[in-house]
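First the structure, in the form of C-alpha cells, and then the observations on it.
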Amino acid sequence: MIANEEQLASWLDGAAAAVGLEIPEAYRKDVIAQLELNRSLIAPLLDFELPTADCDN
Amino acid sequence: MFPSASEIAEQVRKRHRSAADVVDHALDVIAAKNGAINAFTTVTADRARKRARDIDALVASGKDPGALAGVPFAAKDLFDIESVVTLAGSRVLAANRPAIQDAAAIRALEQAGAILLGALNMEEFAYGFLTDNAHYGRTRNPLDLERTAGGSSGGTGAAVAAGMVPLALGSDTNGSIRIPASFCGVVGMKPTFGRVSRAGMVPLAPSQDHVGWIGRSVSDVALAWRALGGEADTNDDMPPPVIGVADGYFADRMTGEARSAMATACAHLTSLRTVEIKFPDAARAAAYAITSSEASALRLDDLRRSPEQFDPSTRYRFLAGALLPAPWYIKAKQFQSWFRVQLEKLFDDVDLLLLPASPFVAPRFGEESIDIDGKSYPVRPTIGRFTQPISPAGLPIICLPVPGVAPLPIGVQLVGRPNSENLVLATALKLEQALMAPR
C-alpha cells in the first residue's frame, strides 16, 4: 500500500500525529510489522463489495 | 471436586451444608491449586466469609437467599469489585482508585445468593486468546500445566476446570469465553448482545463485548443465565430443533480432534441440515477491524502517556490499531449490520447452528505453529478461526465440551438466533446428557 520505507515512515509519523501519538523509535519496527499484518488481516473486508441492502439495520 | 452449583444451592437452602463450609472448602482448593495454575489474581476471602455468614443467617431465619444460595463464584479481573482496583490484566490501570461498587453482573449473581471469591487472570484488556500475561503471569490449563487455558478469560476457564469455583464470570468479544471453555473442557455461554449489563466492566470493543460465564455443566450456566436476567425456561415439550451444520470455511482447517468433536456431536443430534455461512473471511476481518479500532480508541490516552506500560504482546496491536484508517472501521461497522441480517436469515430454515469452537486442543506455551492436514499454521491467529467470524452478529452461543474424542478437551458451539437463549440451553442440555451417557 505504501511504496517505500521513506513514505511509510512519513505516513506513520503523520497518522500518529493526527491522533496525538508519538511512536517511540524502539517500537517503530514492531508497529510497522503490526500495520502490515493488520492490512493483510483486514484485506478480505476491504476487497468485499458490500451490498446496499440490509446495511441500515 | 465441587458438586454442581445447583447441588450446592440445594444443600445450603435445606441447611444440609452451611455456606461458610462451602466457602472454606473453595478457599482451601484455591490455596492448594492456584500457585500452579495462576487463575486468581485477587482472593477476597474476608468478604466471602462475611457474605457466607449472612447467607447462613438468612437461611436460619427461614428466608430463601436465592437460586444460587451459597454458590462460590469469581469474576474476570475486568469486572469492578468494591474496594479492589480493577486491573483488566494491565499495569496501566494499577494506580487507579479501588472500585466504589461491584459490577452489575456481580451484583446480579449475589442477589441470587452467590458468593464472590475474587478476581481472575486474563489477557491484558481482554485482547488475545492465550492468557500469557507479562504482568500477572500465565494461566495454566489445569488438565496439562504446560498448555494454555485459552483466553482472554483464561482464569475463568481454569478456575472452573480446576474445581476452585463451580461458576465464573468472563467476557467474550471474539471468542474469549468460548476458547477457554473449549480448551479447559467446561461449558461457556455468551447471551445475545446487550442482554446482560456490562456496567462496571472494563470494555475492549463495545460493539462486540458481551458478558459471559463458564460453569462445569449446562444446568449450571443456565442457573447463572436466569440470575443474570434471563427468563425461565418454558420449552419443555418442544420438538427437536433443526440444526444447521456449516460446511465450507467452518468444516476446513481444523485438526482431527476438532473434526471428531463435530462428528460426535452430530451423531447425537437429529434433524441436521447442511448450511452455508457466506463471507466468513470478510466477517472475521470486520471483527478484527472493529476490535482493533475500538480497543485502541479507548486506550488512546494511556498510549500517549505510557506505551511502555503495556504488555509487549498487546502494545503493538494497540499502537497500530490507533492508526487504523477511519474508512476501514466504517466499512467494518457497515459489514457488521449487513452480516447480522444475513446470519439471521439462516434461521428461517434452521433453529440452531452447530459449529466447531477451536480448531485444535489447547496448544503448549511457546508453540508457534500447528500442523493441520499436512500444512503448518501459526497458532495465535488461527485460534479464533471459528469464534471470531460470528462474533459481530451478537448471537447467543454455548460452547460445550465433547468428551472422549481426544486426550485433551475440545468443544463445539451451539448458536441461536437473537434472544433464543432458552432453546440454545435446552438443546445443549440434551446434547450434554447424550454425550455423557454410558455407551
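No value in this document is a laboratory result; all are computed from the given coordinates. Bear in mind that the values here come from a model prediction, so they are computed numbers and not experimental data. Cβ sites come from the backbone with ideal geometry, for glycine too, and all protein chains shown count toward neighbours.
So here's what we get for this one:
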quantity	calculated
Nearest-20 debye value, chain B charge dipole, Cβ charges on Lys, Arg, Asp, Glu	500
For chain B, with +1 on Lys and Arg beta carbons and -1 on Asp and Glu, the positive-most of B:A297, B:G157, B:A199 along the dipole	B:A297
Three-way shape label, the range B:242-305, alpha-carbon gyration tensor, a/c 1.5	prolate
Sites B:R91 and B:K50 - FRET efficiency at Förster radius 45 Å, r taken between beta-carbons, to 0.05	0.90
Residue-span extension gain [B:M436 to B:A36] - 0.36 nm each, minus C-alpha spacing	141.1 nm
Pair A:K29, B:A406: separation of 7 Å Cα→Cβ label points (nm)	3.5
Overall form of the range B:60-144 per C-alpha gyration tensor (a/c, 1.5; a/b vs b/c)	oblate
Förster radius 22 Å - calculated FRET efficiency between B:R380 and B:R305 (Cβ-Cβ, nearest 0.05)	0.20
Distance-filtered residues of the range B:314-332 - backbone nitrogen under 16 Å, label point 7 angstrom along A:S40 Cα→Cβ	B:317
Around B:F2: net Lys/Arg minus Asp/Glu count, Cβ-Cβ under 14 Å	-3
Label point distance in nm, A:E6-B:D233, each placed 7 Å from Cα along Cα→Cβ	6.8
The range B:38-79 and the range B:375-401: distance between their alpha carbon centers, rounded to Å	33
Neighbouring partner chain Cβ atoms per residue of B:294-301, average, 10 Å criterion	1
Highest-first arrangement of B:107-113, B:84-90, where packing means the average Cβ count within 10 Å	B:84-90, B:107-113
Cα-centred dipole magnitude for the protein assembly as shown, charges only on beta-carbon of K, R (+1) and D, E (-1), debye, nearest 20	820
